[in-house]
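The structure appears below as C-alpha cells.
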C-alpha cells in the first residue's frame, strides 16, 4: 500500500503579492518602447543613406510609419486612465516623448529634452516592490531611447541645444499636465 504524503509546500500554489502585473498604461508603454527603438533604427538608416539610393524611398516610408507608430502609442497612453500610482511617470514620459517627436525645431526639442533632468521626479518611479522596479526599468529604457533620439541629426543642433527656448509655453504646459 502507498502512503499519501503531501510533497507540495504550503502556500506555494497561492499567487504572490509581490509579482508584477501589467496595467493598461504599462502594457502600452512596453509597446511604446518597442516603437521608439524601431523609430530610432529607421532614422539612423536614413541618416546613413544616400538620397540617390534606390531604397531611399522605402527607408523614408519605413521611418514615417515608425514615427506614426510612436505617436499612436503615445496617444493611446495619454488617453488611458491611471490605474495605479506607478502609471503616472509612464504617462508623463509618454507625453514628453510625443512633444519631443512633434517639436518644430531644435531649440524647442532641447528645451523639452532638458525636462528629463530638470523635473526628474515626474519621470521616475520611486515605488518599491516588483511593480515599482519594473516600471522604473521601462522608464529607463524609454529615457535612453529619448537620449538616442536627441543624438539623431534631425534633432541635434549644438548651437540650438545651448540656446534658451524662445517660448517656454510648451515645456510649462507639459509639466502642468504631468503634475495634475
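FYI, it's all coordinate maths here, none of it is from the lab. This is a predicted model, so every value here is computed, not measured. Note that each Cβ is placed from the backbone with ideal geometry, even for glycine, and that neighbours are counted across all protein chains shown.
Annotations
- Relative contact order (%) - criterion: Cα under 8 Å, at least six apart; region: the range 1-143: 30
- Site pair residue 105 and residue 34 shows an inter-label distance of 3.8 nm when each label is modelled 7 Å from Cα along Cα→Cβ.
- Separation between Cα centres of the range 98-130 and the range 22-95, rounded to whole Å: 15
- With a Förster radius of 25 Å applied to the beta-carbon distance between residue 55 and residue 137, the computed FRET efficiency rounds to 0.10.
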